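Reading through the structure tokens given below for one structure.
The values are calculated or read from the model by the stated rules, or taken from the named source; none is laboratory data. Quantities reported herein were computed from a predicted structural model and do not represent experimental measurements. Cβ sites come from the backbone with ideal geometry, for glycine too, and all protein chains shown count toward neighbours. Note: accessible area is taken over every heavy atom of the protein model, side chains too, but ligands, DNA and RNA are not part of it. Shrake-Rupley method; radii C 1.70, N 1.55, O 1.52, S 1.80 Å.
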Amino acid sequence: MVKRHGTRWGRSAVLGLPALLVVLLLGVGVAQGALASHVVIQGRTFELATSGLYGVDFALGVVENPRKVRADDGTASVENIRLARVGFAEGQLNELCVAVHQTVAGQAFTIKLHGGDGDLATWEIDARNVELDGLEVKGNLTLDGVVKFGTTAEDTTTVKNADGSYAENPLEADPAHHRFGIDATFAEFSRITGTVYDMEIVGPFEMPGLSVSVEPGTTSCPAPEAPTASP
């Protein structure tokens, strides 16, 4: 059985670093289309927008994820938040924007990543073994192949073991809860926008045309246009 990361903390060397440093490390790893073997963005919510996402061996499940909460008196506790976890074994994206909001010394600013070639007819960003947790995700979804609605989250399938069999419970859903799940051979999203709690790409990952900018204030990714061609 393949277990990708056990708990949702401690999965990568970049975890626990300030979001600014995480983003800069991500930029170094995939700038100029270079391959990165493991990318994680985690630690705070961030905005994500893409013109299109096409995934093979797609799964979506409702899961619960621990989050550290700090009270006004400074004490910290851990609570579970309910999220929609999306995963796929292979995928292509048509443009990608990520906006991470930060505050330093009372001043708000936004770190923004954008990748892609600017052509809505191409699906130029390649990714493998992707998983993200969404607090809110909007867009158009088309499913194809073998599609299962209402399966439990722990019974969905995405990544495969070395022998070609599907890894057990790839979304790491708690089997005691039997939360709602969707499983499909193929999935195509268009005009996706969302608030994401964390994202992990085990790799490889290639994002040509990467740019990183720091903008004053709290800004958002522009609303994505629909792709003009199929993947």
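Remarks
- Environment charge of PHE149, counting only residues whose C-beta is closer than 14 Å and scoring Lys/Arg +1, Asp/Glu -1: -1
- Ranking of ARG82, ARG191, ARG128, ARG179 by solvent-accessible surface, largest first: ARG82, ARG191, ARG128, ARG179 (1.4 Å probe, protein heavy atoms only, all chains present).
- Within-15-Å neighbourhood charge of PRO224 [Cβ basis; K, R +1; D, E -1]: -4
- The GluC sites (Glu not before Pro) of the range 148-231 that meet both conditions, a loop assignment by DSSP and at most 14 other Cβ atoms within 10 Å of the site Cβ, are GLU168, GLU225.
- Whether the range 153-231 is rounded, prolate or oblate, judged on the alpha carbon gyration tensor where a/c under 1.5 counts as rounded: prolate
- Per residue, the accessible area of the range 75-168 comes to 48 Å² when a 1.4 Å probe rolls over the protein heavy atoms.
- The apolar share of the surface of the range 83-158, taken as the fraction of accessible area on carbon and sulfur atoms (1.4 Å probe, ligands and nucleic acids excluded), comes to 50 percent.
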